[in-house]
Amino acid sequence: MVLRLRRPSPGTPRPATRRLRAAAALCTAAAIALTTGAAAPAAPARAADCLAVGDTYLAFSEVTGSGWFVNGCSGRADVTVQRGHWWGWENMATQPVVGAGGSAVVRYNCAGSGEYEYRTVINGQRADGSAEFHESNHITVTC
């Protein structure tokens, strides 16, 4: 016996794919959970951010980034320009940020290093002891 598959004629709806079936099942489960009151409890409200990070950019041959405390917060943080590799991120330059309203600008001279992806991160601890981390945009530059 030979099994032959026929192409559907134009205008004939195609069978649903696995992704569509999975999405439909997920939507159905969510709808049932909402209508039966079995929805998950809401996540606790997050405290306002205390740290902020600016855009990473290239000025001449310096990759530059910045970070600062906001909302009247204080604590200790480090602003770091990082370079991306296949194995992860390498710290290239770091500046500390201390105290309420503190800020830092960090620069890394990338001259002659080749083409890499860079970002700026701020990683710190608020005065209340809680940790906070933010990362900037990513840029790919040839130096």
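Bear in mind these aren't lab numbers, they're just calculated from the coordinates by the rules spelled out. Treat the numbers as computed from the prediction; the structure is a model and nothing was measured. For neighbour counting, all protein chains shown are included, and Cβ atoms are generated from backbone atoms with ideal geometry for every residue, glycine included.
Exactly one residue out of 124, 84, 88 is under 17 Å from the mean Cα position of the chain (by Cα) and touching a residue at least 60 places away in the same chain (Cβ under 8 Å): that is 124. Evaluated against (1) of a type outside the set (S, T, N, Q); (2) part of a strand (DSSP E or B); (3) surrounded by fewer than 16 Cβ atoms within 10 Å (Cβ to Cβ), residue 49 falls short on exactly one condition, (2).
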